[in-house]
Structures are given as structure tokens and as C-alpha cells.
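The structure appears right after this line, and notes come after that.
The values are calculated or read from the model by the stated rules, or taken from the named source; none is laboratory data. Source: prediction; values computed, not measured. Glycine gets a Cβ as well: all are built from the backbone with ideal geometry, and neighbour counts include every protein chain shown.
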Ligand code: URA
């Protein structure tokens, strides 16, 4: 079963409080999401592989480490996931960025992919799939299907806030995908919003309704 990691770093938790606050306007909301994405990227990259190297310091030769150069891909689920991309790129500027767009079938209400554009070398990359909210889990599930169908083997899912319902759905459907969150909230309401949540992440990021 996929593990759930809650990033309880004080800076992440502090900023998340202001992201939740309904008085926080679009500009500040966007900046805070960007900052939290950077902090989460710092935590999520803890297991990046390192190579041993020798480096000449002004004093002597030191045994040191450099990143082994494992290729990374960041994939936002459109549209709210876009709000987390730049914050991650701040720490991993060489990562390639794919995009996955989903729409809801009006009859079945199931998410269906309408746009998938990924780096060419999908099979060689580790992916971080991002969406600020893991609510029912439907979108994340379909997005992971889309990545796997195209050859992705190593996927992490990162979001700001998850509902227990969404975590369960994802763990059941994709037990190989670990979930990285800033907070695990209480539940979903009748409209599929996370409670207490932060409202509609896309609308708050882009200033729409
Ligand atoms: N998507 C959102 O933007 N907010 C929720 O609470 C649930 C899904």
C-alpha cells in the first residue's frame, strides 16, 4: 500500500493556514501556494540518489556527494496543479514539465483525459504528479493511469490537502504511489469539497468563480 507522508514542517503549516483563510486574496494565495510547493519539494526530494565524488578544496581533497542526475518530471493536473509547478522548479530547475488535462463526463461524472503531454523519455523519468487537492481521488487516479499507460514507472503524488476518502481510493488503485501532503483533513462534503479545506483551489489561484 502507498505510504502517506504529512509534511508537518512549521513553515509549511504556517503558510497553509493563510492559504486556507478565506480572507486571503488571489495574489497572496498564489504566492503562498508557490512557497509551500517549494518547501514540499525540499522534503519530497530527500531520497534523491547521490554519487560519490572527489572535490579539490583549497586545503585538500574531500570525499563529497553530487546528485546522480536521475531525471525528474513534474506533472500538474490542469488547472489547479499549475499553481504548484514554479515553486517546485525553484529547487529542481532542470526538471521537465508535463501536463494532464481531465474533464468530467456529464453522464458518468467520471474524469476523462482530454490532454496529455509528457516528456519524450517517460520511461526513464521519476514523476511528481501535483494537484493542490486530493478530494474524491478520481482525478489523481485517472492521471496516474495516464502516466502509467505511457510508461511511467516511478510516481509520487503531491498535494496540499487530502481527504481520507481520496487517500483510500488512491492507495487501493495505485498501491505503488506514495502520497505527500501538507494536511489530512476531516472529510468531503456533499459537493465533493474538502472540509475544512480551502475552497476551490483553481478559483482561488486564478481569481475565477
Ligand atoms: N477541489 C478543490 O479545489 N477543492 C476541494 O475542496 C475539492 C476539490
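Numbers for the structure displayed
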read-out	value
Matching residues, segment 98-116, being surrounded by fewer than 17 Cβ atoms within 10 Å (Cβ to Cβ) and in contact with a helix residue (DSSP H, G or I) (Cβ under 6 Å, 6 or more places away or on another chain)	113, 116
Residue within segment 172-187 that is surrounded by fewer than 21 Cβ atoms within 10 Å (Cβ to Cβ), within 8 Å of the ligand (Cβ to nearest atom) and more than 17 Å from the chain's Cα centre (by Cα) present	no
Elements of type strands (runs of 3 or more DSSP E) contained in segment 97-209, each with 2 or more residues being without any contact (Cβ under 8 Å) to a residue 40 or more places away in the chain and closer than 24 Å to residue 4 by Cβ	154-162
Strands (runs of 3 or more DSSP E) contained in segment 21-93 and holding at least 1 residues crowded, with 21+ Cβ neighbours inside 10 Å and at pLDDT 95 or above	72-76
Residue check, residue 204 modelled with pLDDT under 95 and either closer than 29 Å to residue 20 by Cα or within 13 Å of the ligand (Cβ to nearest atom) (or both)	no
Some residue of segment 128-147 being away from the ligand (no atom under 16 Å from the Cβ) and out of contact with any strand residue (DSSP E or B) (no Cβ under 7 Å at 6 or more places or on another chain)	yes
